[in-house]
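Right, one structure below, let's go through it.
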Amino acid sequence: MSEEIPGAEQPPPQDGPSDAVAGPSDRVAPSGTAQAAFERCARLVLAGRYEEALTATEETAALLRGHTAGSRPANREAAAALAYVLVLRCEALAKLGRWDECLRTASEAVDLGRGQAVTAPFTAPLGATLLGLGTALWGLGRPQEAVAVTRESVDLHRQLARADHAFRPQLANALSQLGVVLSRLGRHAEALDVTKESVTLYRRLVAVDQAVHTHGLAQAVNNLARRQSARNQHRRALRSIQEAVALYRRLAAASPAVHRRDLAMALGNAARMHNGRAESLAAVAEAVAILEELDRAEPGVHGGLFADSLSLHAAALADLGRFREAAEVTTRAVAMMREQAALNPVARRGDLALALAFHARVRAEAGLDLAGGLAAATEAVALMRVLAAEIPALYTSPLAEVVALESRLRAAVPRRDAP
């Protein structure tokens, strides 16, 4: 998984808030107490203080709901502001892995938008709410539905950006998110095209205001590296991920509480793409060290990315012939991914299947605990059969590899020891 779907200007953190709130929102949020409360919500999300943001968004939503009855312009502005607050809430919930609540919140926001005429001031918040809904659907393992609503958001943001260049950050963010969800369906060529467009837009934005848009560029370039790798453009992917790591290092140095997780994610991708084994190990070891520290401060919040990074760490160790160390690491990675799958079974099936498959492969290569490796491979095959039936473009090839691994282990394990 070492990839995060964009967040508010980029959609939920899977990459932090942005102009979707900081830009157009200041045109629609009501003045006075509600405006101050709205700005506080945005600051909390931007600072990565997600639990506090949930409390603040709940209070602000209640305040704004009192202003939304009727059809007067002031009421419509309050409704638009409420939609943005709900997007902020969805972002915080996504960061905390509370996907069911995120879906309910995003659905409420979209219903609010659909109930208004799609004219100013509501076109912009409708685009943002659709992006939030796409994030929630993606997080719940429903990528086909996520593609549809994310495309609708992209189309709305294109209209807005043509009329007013101030909406280009939202368009860039929506394109980046569309690339992520397309890739989850194995539609890698389309995903690469829209991600390239996102990067191009962000480069133009950074040239005008580096401080505001560097995070968006970092995320888009990170996602571009993943898209290039999926299309076997390995040299380009390596250059892109090196740029993303450099950008995230700068961001993390200035604001570690917000961006160290992003840096760990990019380092994990760098480990995947490095040609040198020692370089891969160094990158992923740094990612694991960051996530160890973050996990101590916020237990469970970073579990999916942490488990993925541990699997990458094991792979780097195995490539250097350090199989016993790798086997210990995969044991921990699988245990952590099982916890994630218990919380979100549909979305995490693929991640768990891949973790189990690698757990089995390390044991096969090392000649260690072959019975345990066979049990893991058998479980991975069962999961991947279901996934390959749903998304053949993404899982048919991994399924064939795991089936072959299972056969290899079954032949090596004495019948009395086989699970």
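Some points to look at:
- A search for C-beta distances below 6 Å between a residue of region 269-296 that is touching a residue at least 40 places away in the same chain (Cβ under 8 Å) and assigned to a helix (DSSP H, G or I) and any residue that is of a type outside the set (S, T, N, Q) and open to solvent by 40 Å² or more (accessible area, probe 1.4 Å), counting only pairs 6+ apart in sequence or on different chains, returns Arg277/Asp319; Arg277/Leu320.
- Residue count for region 357-374, restricted to those that are open to solvent by less than 40 Å² (accessible area, probe 1.4 Å) and more than 22 Å from Ser183 (Cα to Cα): 11
- Any hit, region 386-395, residues being at pLDDT 95 or above and either within 16 Å of Ala315 (Cα to Cα) or crowded, with 21+ Cβ neighbours inside 10 Å (or both): no
- Any pair with Cβ under 6 angstrom, 6 or more apart, that starts in region 244-255 at a residue that is without any contact (Cβ under 8 Å) to a residue 24 or more places away in the chain and ends at one that is among the charged types (D, E, K, R) and part of a helix (DSSP H, G or I): Ala252/Arg260
One line per residue, one yes/no per condition, for (1) surrounded by fewer than 24 Cβ atoms within 10 Å (Cβ to Cβ); (2) of a type in the set (Lys, Arg); (3) within 29 Å of Ala254 (Cβ to Cβ); (4) in contact with a helix residue (DSSP H, G or I) (Cβ under 9 Å, 6 or more places away or on another chain):
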| site | (1), (2), (3), (4) |
| --- | --- |
| Gln170 | no, no, yes, yes |
| Ser176 | no, no, yes, yes |
| Leu192 | yes, no, no, yes |
| Thr195 | no, no, yes, yes |
| Leu205 | yes, no, yes, yes |
| His215 | no, no, yes, yes |
| Ala218 | no, no, yes, yes |
| Arg227 | no, yes, yes, yes |
| Leu238 | yes, no, yes, yes |
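- Taking the numbered list (1) in contact with a helix residue (DSSP H, G or I) (Cβ under 8 Å, 6 or more places away or on another chain); (2) within 19 Å of Ala283 (Cα to Cα); (3) not in a helix (DSSP H, G or I) in turn, Gly321 passes all entries but (1).
- Number of positions in region 302-317 that are closer than 19 Å to Leu383 by Cβ and open to solvent by 10 Å² or more (accessible area, probe 1.4 Å): 2
- Scan of region 192-212 for residues that are among the acidic types (Asp, Glu) and either in contact with an Asp or Glu (Cβ under 9 Å, 6 or more places away or on another chain) or in a helix (DSSP H, G or I) (or both), ordered by number: Asp193, Glu197
- Residue in region 341-364 that is in contact with an Asp or Glu (Cβ under 6 Å, 6 or more places away or on another chain) and assigned to a helix (DSSP H, G or I) present: yes
- Set Arg158, Arg114, Arg104: member being over 21 Å from the mean Cα position of the chain (by Cα) and either modelled with pLDDT of 90 or more or open to solvent by less than 10 Å² (accessible area, probe 1.4 Å) (or both): Arg158
- Qualifying residue in region 318-325 (condition: open to solvent by 20 Å² or more (accessible area, probe 1.4 Å) and under 24 Å from the mean Cα position of the chain (by Cα)): no
- Selection of region 248-266 for residues being more than 15 Å from the chain's Cα centre (by Cα) and crowded, with 24+ Cβ neighbours inside 10 Å yields only Tyr248.
The values are calculated or read from the model by the stated rules, or taken from the named source; none is laboratory data. Treat the numbers as computed from the prediction; the structure is a model and nothing was measured. Using ideal geometry, Cβ is built from the backbone for each residue, glycine included, and neighbour counts are taken over all protein chains shown. Accessible surface areas use protein heavy atoms only, side chains included; no ligands, DNA or RNA. Shrake-Rupley method; radii C 1.70, N 1.55, O 1.52, S 1.80 Å.
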